Amino acid sequence: MNANAFWHFLTLQLFKERSKHLSVIVISAMILFLLSSVLFISSSIRFSLEETLKVQPDFVVSRVQGGISVPTPMIWEDELIDIYGVSNVIQRVYGRYFFKAKERSFLIVGVDFLEEQSHENLQKLIAKTDIKAFLNGSKMLVGEGVKTYLDAHFYKDDYNFLTPEGTFEKVNIFKTLPFQSNLIANDMMVMPIDLARKILGYSEEEVSDITFNVPNPDEWDMMTDKVSALHYDLQVVNKKDVQKSYENLYNYKGGLFLILFLVVLSTFTLILYQRYSMVYSSERRNIGLLRALGWSINDVLKFKFTETLVIVFASYILGVFFAYVYVFVLGAPLLKEVFLGGQNLQNTLTFVPVLDFSVLTSIFLIYALPFIAAVLIPVWRVSVTEPKEAML
Amino acid sequence: MNEVLLSNQIIVFLLSESTLFILLLVAFVVSLKVLVKWDFESFMPFQFALERQAYLVSTIILFVFVMKFILVVYFIFSIDALSLLLPGAMCGAGVIKANVYGSYLLVLKLSILFLLTLWFYIHYYDMRTKNHQWFKHKSWLFSLIFVFIVLELGLDFSYFSNIDTHLPVSCCSALFGQLEGANPLPFGLSVSLLLVLFYLLYILVILSLKSGYTLLYILTNILFVYIAYYAVVYFFGTYVYQLPTHKCPFCMLQAEYAYVGYLLWASLFMGTYIGLSDAISTLWLGKTDPKSKNIVVWLLSLFVLLCTAYVAVYYLRNGVLL
Amino acid sequence: MSNKTMIQIENLYRTFHHAGNAMPVLKDINLSIGQGECVVLKGVSGSGKTTLLSLIAGLDKPSSGKVLIEGEPISKLPDLFASELRAKKIGMIFQHFNLFEHLSVNENVTIPLIPSGLKMKEIHEKVDDALKVANIMHKKEVLASRLSGGEKQRTAIARALVASPNIILCDEPTANLDRDNSLLFIEILGELHRMGKTIVIATHDPLFDSLSFESTVIPMVDGMIG
């Protein structure tokens, strides 16, 4: 087989029959576009979440009574510090604050600015903040989303929080949080821990939870057992559990989509089968001629398969390319809402471009394999055309 | 629903396997019909139709042949990715051992690849005889392959639907690590003896291949794969990981080690597949292909060289062995 | 001319089965054609000459009997061998020219060589040689759809010649040509005859009754050689 002449002939044939192939390529590319966009979004979100998780503390301890979280007593902190192998024990106070008819809520995070932080981003944040000025009076740091919302409601410089006791607490906006890990920071308000206690209704001796790190990962399982044995109403969660549940959540969203997508795919496969059966039967005479001129069945099969592969790759590249542009350049309008639905703030999330080899292979397999399988029988049927057809 | 079955890769994998199965089922039914009615001497139009249908069978098998190779790599890759979901698993080793089906499935997949390679050889020779001399041979072989493939599909689904994501599995250090006093190596070998055997067998494989002692070659090559597996897990692998206690055939497939495991295992298995297929063709059909032999020499040498290189580079860098 | 037998046909039958009825098209054909011979199969349409030609070319399979090309029985040859034989030993010229209309003359003539594995340079040489013999070199880059009937026929000749086969088979070659072009075609045929090619022509054109070069006319009636 002379490769040059083969490709030359193939190109000319494809060009001549372009009207027949074009519709297939366009439809395939559209289906691939949809599929790739969804998988790109989900892998990008997963990537961002993993990045976010990386800087989170390893363990979180809280009090759970009857399956409901209740304020955690501060004395637990001392018990944790006593366990060998535990470091960075930190108490946290946080909760959601609801605005205006409860349609919006933001996350209030209380921070003890004088202590070491177990959350790496917070640590960085504090390093950048002028603590003296910040601690002087009631002040807070807010996320981009919060700032936008408050601005829209004419709270330019401060906001009056309503505490559970029914009193107002005026807090000045000190700074807008840097736009770093936007998934977490977008709806966050960071303020001194005592102020947060007041607004969220905790007593002096209570915190939301206590975090700590365990530097040796081999001890994690053991540590979980040890810590949860401290009190019957103590719940301990480690970072791996959280990661696993995120993984499951996104597998669930992506997997559900894929299963629904199978319906589209099988319809598409059937259409392909019928269409190519038709297209190829119109080529019988030409194939018969090729056979009469000395092409073997193998040569014709090779020719037809290469033709199919060209179509498969062309639509694959087109679909994936446009999906990339749509998700990572344009920010996936519309589809984003599907994935991030339930977020009560207008999300300023941008997708971090991640081109994962496994995602690309998955897309290729789920599309190319059924495609080729569908045209395989039509390809065979036309390839074994008897050469005498050329004489008719 | 099982969380594993919702993993994107597993869905794609099972779908691909099922699609291939449907194609193979078509091929199998056609193949049986052709096999039963085949009479190459006949001039009936029916026989000519059968000859055309034989092309359908071989086209499907060839397509499946290519896809199965890609899918085995994808399977291993997905298994590796699943280790995130399973408590305790650090790599594919733990995931494979997550239930009883895993190891059988992996061995079955590797065997099917071998049988497909063998089929490909017989098909190649059959196509180049003027009376389709080996037609029945290859059809029977395909029937055998099909039985294996049915089994494989069943195991695929049983395996993935029976992975319990709450049950902790062992990580590779527990699976392959040396228990006190227990020697994991076959025949009670020590590591140094294992290495001697490894290089000796390699030389023997090449010599028997080159000199045409086919039976000896088959024996030594099978033994070589067996010994090579242990040599990689218990010796060469530790140099890949640069950690004397890290013994695992799977971790080297991960990005941290530049995916070298794929190259390593692929060169060993591909070399063996091609070599054994050629050897069996020699014994069975009396056909032999010198080009295949060269490829085998190249692949197996690449494997041995790669293994050795890890040790050598480590030694040159650190001046000591592990 | 040498006496080597190029085409040997023994007890050849071809029966078409249509809706349960058996229609015999060729009945007990025996024929032997030596190297360099020119044979004209003459008969009205339906006499079976095209079918006989397809059987010689290996395009069709007989119902019984044998066709041997240079001593090799081709009727039960697996496709890989049959197509190689067609590619190397037989050149076909069809009644309707059967060109790929969207390809140029050059590209059309290249097609039989694509599976050959020849180098591009060799392919170019062979194509140019064939184009020269068929006297169509001047239209090399013209699309087949823009050619006149005679030019199409000469492209078809070039295509049949390009793999330098020893046997040239022509199926009603002048049916779609005017008289001038038919004569031109016969002239080229004479050229091929001088080159030592074995030529079989199936036709009902009286122009082939008396060719300027040595030829044998074999009449065909109702699927039998008369």
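Candidates in region C:1-38 are the residues that are of a type in the set (Lys, Arg) and in a strand (DSSP E or B); of these, the one that is least open to solvent (accessible area, probe 1.4 Å) is C:Arg14. Residue count for region B:103-122 under the criterion of being within 14 Å of B:Asn162 (Cα to Cα) and either buried (at least 23 other Cβ atoms within 10 Å of the Cβ) or among the aliphatic types (A, V, I, L, M) (or both): the result is 1. More than 17 Å from the chain's Cα centre (by Cα) and away from chain C (no Cβ under 14 Å), is that true of B:Ile112? No.
Looking at region A:45-69, which of the residues that are among the aliphatic types (A, V, I, L, M) and touching a residue at least 40 places away in the same chain (Cβ under 8 Å) is surrounded by the fewest Cβ atoms within 10 Å (Cβ to Cβ)? The selected residue is A:Val64. With respect to the stated conditions, A:Leu260 fails to be open to solvent by 30 Å² or more (accessible area, probe 1.4 Å), free of Cβ contacts under 8 Å to residues at least 40 places away in the same chain, more than 20 Å from A:Thr385 (Cβ to Cβ) and within 9 Å of chain B (Cβ to nearest Cβ). For region A:287-314, taking the residues that are free of Cβ contacts under 8 Å to residues at least 24 places away in the same chain and open to solvent by less than 10 Å² (accessible area, probe 1.4 Å), the one that is farthest from the chain's Cα centre (by Cα) is identified as A:Gly294. Considering region B:5-102, the qualifying helices (runs of 4 or more DSSP H), each wholly inside and each with 2 or more residues that are at the interface with another protein chain (Cβ under 8 Å from one of its Cβ atoms) and surrounded by fewer than 21 Cβ atoms within 10 Å (Cβ to Cβ), run over B:8-37, B:45-82. If you scan region A:230-246, which residues turn out to be open to solvent by 20 Å² or more (accessible area, probe 1.4 Å) and among the acidic types (Asp, Glu)? Passing the criteria: only A:Asp241. Here A:Tyr250 passes the criteria (1) in contact (Cβ under 8 Å) with a residue 60 or more places away in the chain; (2) farther than 19 Å from B:Ile11 by Cβ; (3) surrounded by 15 or more Cβ atoms within 10 Å (Cβ to Cβ) except the one numbered (2).
Conditions (1) more than 14 Å from every other protein chain (Cβ to nearest Cβ); (2) farther than 20 Å from C:Asp171 by Cα, marked per residue:
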residue	(1), (2)
C:His17	no, yes
C:Ser32	yes, no
C:Val44	yes, no
C:Thr50	no, no
C:Leu55	no, no
C:Leu59	no, no
C:Glu72	no, yes
C:Leu77	no, yes
C:Leu85	no, no
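Counting only helices (runs of 4 or more DSSP H) that fall entirely inside region B:129-225 and contain at least 3 residues that are among the β-branched types (Val, Ile, Thr) and assigned by TED's automatic domain parsing to the domain that holds B:Pro290, the qualifying elements are B:191-211.
Counting only helices (runs of 4 or more DSSP H) that sit completely within region C:74-189, those holding 1 or more residues that are open to solvent by 10 Å² or more (accessible area, probe 1.4 Å) and farther than 28 Å from C:Ser32 by Cα correspond to C:105-110, C:120-133, C:149-161.
Evaluation of A:Lys198 against the conditions (1) free of Cβ contacts under 8 Å to residues at least 60 places away in the same chain; (2) surrounded by fewer than 16 Cβ atoms within 10 Å (Cβ to Cβ) shows that the sole unmet condition is (2).
For region A:131-181, the set of residues classified as under 29 Å from the mean Cα position of the chain (by Cα) and either open to solvent by less than 60 Å² (accessible area, probe 1.4 Å) or not assigned by TED's automatic domain parsing to the domain that holds A:Phe113 (or both) consists of A:Leu141, A:Val142, A:Gly143, A:Gly145, A:Val146, A:Lys147, A:Tyr149, A:Leu150, A:Thr176, A:Leu177, A:Pro178, A:Ser181, listed by residue number.
The values are calculated or read from the model by the stated rules, or taken from the named source; none is laboratory data. Here the structure is a predicted model, which means the values were calculated and not measured. Ideal geometry is used to build each Cβ from the backbone, glycine not excepted, and the neighbour counts take in all protein chains shown. Just so you know, the surface numbers come from the protein's heavy atoms only, side chains and all, with ligands and any DNA or RNA stripped out. Shrake-Rupley method; radii C 1.70, N 1.55, O 1.52, S 1.80 Å.
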